[in-house]
Amino acid sequence: MPDNTTRAKRDDSPEESRRSRLSRVFDEDAELYDRARPGYPARLYDDLAELAGIRAGSRVLEVGCGTGQATVPLAGRGCRVTAVEAGSRMAAVARRNLAGAGAAAVEVVTADFESWPLPQEPFDAVVSATAFHWIDPAVRVAKAAGALRPGGALAVVRSQHVRGGTEEFFVEVQRCYERFDPDTPPGLRPPPAADVDCSDHSQEVARSGRFGPTVFRRYEQDLTYTTAEYLDLLRTYSGHRALPEAARNGLLGCVAGLIDGGYGGRVTKRHLIELGVSHRR
């Protein structure tokens, strides 16, 4: 039956407070986020159909829809989507994008997922694309299970910068980060995709006792950016937006100078996108 759990009492630790604070910064410039953030590979939606059973007519709850990067493709495949987004500006852009795509069977709700009351009718799938890690860890898996029918699927998409693309740039650019962001570990490098460990998510899901094993699929995509496009992308990242203005401007200027001066005004970044699907017991 549906779980109408409200927001759990938050941990007051510095780590939890920082996570909560950073989760809100995306809404400051929803138009930039919509323009700069990439979508997801078409193969991911094919795998959602295979692994999660998501197809035309499926009732889908999307957690943290942003400006609709995954919502529009899901609606385009005929899913009936209820999308919950905490940021009012992000939700407004998502509604606009969905209207432009002619997606009639979608409702975008402006609310925190933690406190949003689940409807009585369960969903066939809960999908969260690059947003699940922002949800309160004390709530997210249990509430997702409560939203699902027995056998329904929790599908979580995560993304990470990995080694590849214009590799030398990402080695050199660390000097900019070490200069302007004191929290940057010295010598930080993007890991090879093969070294990225996804067990933290599967273990969290398993600990809940509400789901079967998690099945993963991975996709790598190289995206090329002009200097201006890459700076726009960086401006959508929570850690960059949280820097003091002077440090952020210094960092972006340093990055721009490196791309223009050493790489002909264009760099390629390799993204690892990971889909994890777990079925409710």
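General observations
- Potential extension, Ala247-Gln120 segment - 0.36 nm per residue separation minus Cα distance: 40.9 nm
- Relative pair counts by distance (%), Cα atoms of region 192-281, 5 Å bins: 2, 11, 16, 14, 13, 13, 11, 9, 6, 3, 1, 0
- Secondary-structure-derived ellipticity at 222 nm for the chain, considering helices only, amounts to -10000 deg cm²/dmol, per-run term -39500 (n - 2.57) for DSSP H runs with n ≥ 4.
- Per residue, the convex hull around the alpha carbon atoms of region 82-215 comes to 177 Å³.
- In nm, spacing of pseudo-spin labels at Ala138 and Ala228 (7 Å Cα→C-beta vector): 4.6
- For region 148-244: rounded, prolate or oblate by the Cα gyration tensor [a/c cutoff 1.5]: prolate
- For region 67-141, the fraction of alpha-carbon pairs in successive 5 Å shells from zero, as %: 3, 15, 26, 26, 20, 8, 1, 0
- Taking label points 7 Å from Cα along the Cα-to-Cβ direction, Arg235 and Gln174 give a separation of 2.8 nm.
- In this simple spin-label approximation, Ala104 and Arg163 carry label points 7 Å from Cα along the Cα→Cβ vector, and these lie 5.2 nm apart.
Every read-out reported here was derived from the displayed coordinates using simple, explicitly stated rules and does not represent laboratory data. Just so you know, these numbers come straight off a predicted model, no measurement behind them. Cβ coordinates were reconstructed from backbone atoms using ideal geometry, including for glycine residues, and neighbour counts include every protein chain displayed.
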